[in-house]
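The values are calculated or read from the model by the stated rules, or taken from the named source; none is laboratory data. Quantities reported herein were computed from a predicted structural model and do not represent experimental measurements. Ideal geometry is used to build each Cβ from the backbone, glycine not excepted, and the neighbour counts take in all protein chains shown.
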């Protein structure tokens, strides 16, 4: 068992591998090396990097077993090609890029705690549009492999029209439409991400069953006509007051007797467990104006205040896949 000092120092140094991985993703090292093995000079030319600095980064990636090295030639291991390149359905590269954006905010945590204001958003070297695309891609990368399983935990489903609030990756809409083949769906999200959903839904053959509506749920009314609303990984971006307002808008848009299902982190009353939820609250502190993670009791109070009843915890997960269901009164 490690000593208390060793445990503390392990935590203190844990940023180092994350920074190496984030830099490689931002610089597109993995896609470059997926084409063929290269030496440091060739990689530096491809990423427009300094040769000495590129060599040090590549050697660190080899040490982390994210690259291999033979002589002076670097390669992306075969088992990582699908994971770390952007053309594979199995890729997690968008999530790595998103975590790099999070890292730029987390390093400002002391200032955030002093001021109570979120961190300054510093675009990556890829630019703001690419950062938005990586966020949407990250949501698909993390949700795609589990979406059908998570939706299945809701039990038998019967609805005519799904409203997916903030669902522009399209991932969850497709899972629900697979589950209820006779249903249609509406995706409501910001204008700049709607085209990403349109492309994904078109590629997957679902576009004819989905209406895409651009808007901002903070300022715009929600589309009406749905008897089932899905709110996935949205509530943690808000304060409780903001959630009450959003739940009220959902109630107004939802057919009488309709269902709202929420996928998010659900905390114990102490707000310490699950530990991942406590750390994710920090992510919301540095990244949003008023976001956080909430307990079932808090969700229940806010849903009931907004006009919902029969609030129940359908599934408890150690991370983001907890499920709460409620009925419009």
Residue 94: within 22 Å of residue 196 (Cβ to Cβ), crowded, with 20+ Cβ neighbours inside 10 Å and either under 28 Å from the mean Cα position of the chain (by Cα) or in the same structural domain as residue 238 (by TED's automatic domain parsing) (or both), yes or no? yes
Residue check: is residue 220 more than 28 Å from residue 295 (Cα to Cα) and surrounded by fewer than 19 Cβ atoms within 10 Å (Cβ to Cβ)? no
Residues of region 97-128 being closer than 25 Å to residue 194 by Cα and either surrounded by 17 or more Cβ atoms within 10 Å (Cβ to Cβ) or in contact (Cβ under 8 Å) with a residue 12 or more places away in the chain (or both), in sequence order, are 97, 98, 99, 100, 101, 102, 121, 122, 124, 125, 126
If you go through region 145-154, how many residues are surrounded by fewer than 19 Cβ atoms within 10 Å (Cβ to Cβ) and either outside any loop (DSSP other than H, G, I, E, B) or in contact (Cβ under 8 Å) with a residue 40 or more places away in the chain (or both)? 6
If you check residue 134 against the conditions, is it farther than 17 Å from residue 322 by Cα, at pLDDT below 95 and buried (at least 19 other Cβ atoms within 10 Å of the Cβ)? yes
Given the options 104, 117, 52, name the one that is within 30 Å of residue 239 (Cα to Cα) and part of a helix (DSSP H, G or I). 104
Over 23 Å from residue 246 (Cβ atoms) and under 15 Å from the mean Cα position of the chain (by Cα), is that true of residue 141? yes
Test for residue 282: is it in a helix (DSSP H, G or I) and closer than 30 Å to residue 103 by Cβ: yes
Residues that are over 22 Å from residue 99 (Cβ atoms), in a helix (DSSP H, G or I) and in contact (Cβ under 8 Å) with a residue 12 or more places away in the chain, drawn from region 55-84: 55
Can you tell me which residue within region 163-184, out of those that are assigned to a strand (DSSP E or B) and under 21 Å from the mean Cα position of the chain (by Cα), is farthest from residue 237 (Cα to Cα)? 163
Take the conditions at pLDDT 95 or above and assigned to a helix (DSSP H, G or I) and apply them to residue 263. Does it pass? no
In this structure, does residue 277 turn out to be at positive phi and in the same structural domain as residue 163 (by TED's automatic domain parsing)? no
Condition set exposed (fewer than 14 other Cβ atoms within 10 Å of the Cβ) and either touching a strand residue (DSSP E or B) at 6+ places or on another chain (Cβ under 9 Å) or under 17 Å from residue 86 (Cβ atoms) (or both), scope region 18-44, selection modelled with the highest pLDDT: answer is 36
